[in-house]
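Peer 1: Okay, handing you the structure first.
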Amino acid sequence: MVDIDDQALGRTKNDTYPGRYGKWDTEIVLKDSLTGDEEFDFVIVGTPPDIHLENAQYALAQFEPKVLLLEKPAVPPDRASLQSLRQLSEDKRSLTLVGYNHLLVKATKRVEKLLQSGLIGEPCSIHVRWVEHWGGIFRAHPWLAGPQDSYLGSSSRGGGACAEHSHGINLWAHFSNFLGFGPIASVSATMSMQKVGGVDYDQTVVVGLTSRGGLGGSVIQDVVTSPAEKMIRVQGVKGFIELHISIDDEHDAVIYAGQGQKRQEEWIGKTRPDDFAGELDHIEELLESGSKSIRSSLALDHSINTMEAIIAAHESHQKGVLVSF
């Protein structure tokens, strides 16, 4: 584990990690113990998004890992960063992924199976609400007094509702692709901006989306809603399916009904680590397979489309126009 701040590493070892998982894992090696000759199969870049690319390029050159994972959002919402992300996708030294972990939880996989069954008939729309007060982020990082103390309070650095809570846009794009309608192709958006006390970020964003194949829908994301609501509804001509992430502290849920059927609810038990277990299992599978034979939902091209939509949302809000790409 590497960080430029030795105090942060000490806090992780002595406070954060034991507080979450009971005790420090002695197999974790901190940077002071590194010799410089190590080889790594898997590298995670969990820095603020505006230095993801710098650290990703260093990791590729220094270690050539089999898999490189960037935390989300992949980059700040500007076209120069997006172009650099596209160039990174062409680097074949490693398989680069972005950590949209909710694509790989059990509930999402269950929704995919139901969609494959034809339960809802021809899809008509996808609507997403990913609204959550970000107080939980600051409780988990008590050394931050608020958004002004990090990238979170700056939309241009990759903070704000549109980028920080971009699981919503990413899930919309995922299901559009899964249903055969292709990636997001056009965006219209409005934002509620906060520009006081040293911050400049989007507090709420309402996004209208259309896929390349003509499927329409919406995403609402914010950083103020409490209790949180994280849900996706896929509507078809014969029924609907809803995915609810963290419907309570111990469950995700899948709610659905086909034509003439009663509403069904499946609650799927989970712990907080389970939110990431599917992602880690998937990466382990990629590593064991040589990473080339398995199509990954975390692949960089999917996240590039998510970033295109985030950038387009900011441009649409600023200019008051539909943005296509």
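None of the figures in this text is laboratory data; all of them are computed from the coordinates on show. Since this is a predicted model, take the numbers as computed values, not measurements. Note that we place each Cβ from the backbone using ideal geometry, even for glycine, and neighbour counts take in every protein chain shown.
Peer 1: Between the helical axis of 52-63 and the dominant principal axis of the chain, each derived from Cα atoms, what acute angle in degrees is found, rounded to the nearest 10?
Peer 2: With both axes taken from Cα atoms, the answer is about 60 degrees.
Peer 1: Would you work out if segment 65-169 is rounded, prolate or oblate? Take a ≥ b ≥ c from the square roots of the eigenvalues of the alpha-carbon gyration tensor; rounded if a/c is under 1.5, else prolate when a/b is larger than b/c, oblate otherwise. Intermediate results must be reported in sequence, preceding the final value.
Peer 2: On the way: a/c = 1.93, a/b = 1.27, b/c = 1.52.
Oblate is the answer for segment 65-169, as a/c is 1.5 or above yet b/c matches or exceeds a/b.
Peer 1: Taking amide H atoms as placed 1.01 Å from N in the peptide plane, list the residues 5 or more away in sequence, or in a different chain, whose amide H sits under 5 Å from that of ILE44.
Peer 2: Amide H neighbours of ILE44, under 5 Å, 5+ apart: LEU69.
Peer 1: Given H placed 1.01 Å from N in the peptide plane, which residues other than close sequence neighbours of ASP252 have an amide H under 5 Å from its amide H?
Peer 2: Answer set, sorted by chain and number: SER246, ILE247, ILE268, LYS270.
Peer 1: So what are the ³J(HN,Hα) numbers for segment 69-79, from phi and the Karplus equation (6.51, -1.76, 1.60; θ = phi - 60°), rounded to whole Hz, Gly and Pro as x?
Peer 2: 10, 8, 6, 8, x, 4, 8, x, x, 9, 6
Peer 1: Out of residues 5 or more away from ALA185 or on other chains, whose amide H comes under 5 Å of its own, with H placed 1.01 Å from N in the peptide plane?
Peer 2: Those qualifying (amide H under 5 Å, at least 5 residues apart or on another chain) are THR210, SER211, ARG212.
Peer 1: List the lysines whose alpha-carbon lies under 28 Å from that of LYS238, not counting same-chain residues fewer than 8 positions away?
Peer 2: LYS106, LYS109, LYS113, LYS230, LYS262
Peer 1: Please give the helix 167-178 orientation as an angle from the longest Cα principal axis of the chain, in degrees from 0 to 90, rounded to the nearest 10.
Peer 2: With both axes taken from Cα atoms, the answer is about 60 degrees.
Peer 1: Taking θ as phi - 60°, what are the ³J(HN,Hα) couplings along segment 180-190 by the Karplus curve (6.51, -1.76, 1.60), each to the nearest whole Hz, with x for Gly and Pro?
Peer 2: x, 9, x, x, 5, 10, 8, 9, 10, 8, 10
Peer 1: List the lysines whose Cα lies under 22 Å from the Cα of LYS319, skipping any in the same chain that are fewer than 8 positions away.
Peer 2: Partners within reach: LYS195.
Peer 1: Quick one: which of 245-251, 108-114, 206-212 comes out on top by average Cβ neighbours within 10 Å, and what's the full order, highest first? Don't jump to the answer; show the numbers that get you there.
Peer 2: On the way: 245-251: 15.6, 108-114: 17.7, 206-212: 20.0.
Going by the mean number of other Cβ atoms within 10 Å, highest first, we get 206-212, 108-114, 245-251.
Peer 1: Ok, one more. Enter the angle in degrees (range 0 to 90, nearest 10) between the Cα long axis of helix 300-319 and the first principal axis of the Cα atoms of the chain, meaning the one along which they spread out most.
Peer 2: Helix 300-319 and the main axis of the chain meet at about 70 degrees.
Peer 1: Just to be sure I follow the rule: in segment 6-98, considering lysines 8 or more places apart or on different chains, how many pairs have Cα atoms under 26 Å apart?
Peer 2: Details: LYS13/LYS23; LYS13/LYS31; LYS13/LYS72; LYS23/LYS31; LYS31/LYS66; LYS31/LYS72; LYS66/LYS92; LYS72/LYS92.
Final tally of qualifying lysine pairs is 8.
Peer 1: Rounded to the nearest 5, what % of DSSP beta bridges with both residues in the chain are antiparallel?
Peer 2: 75
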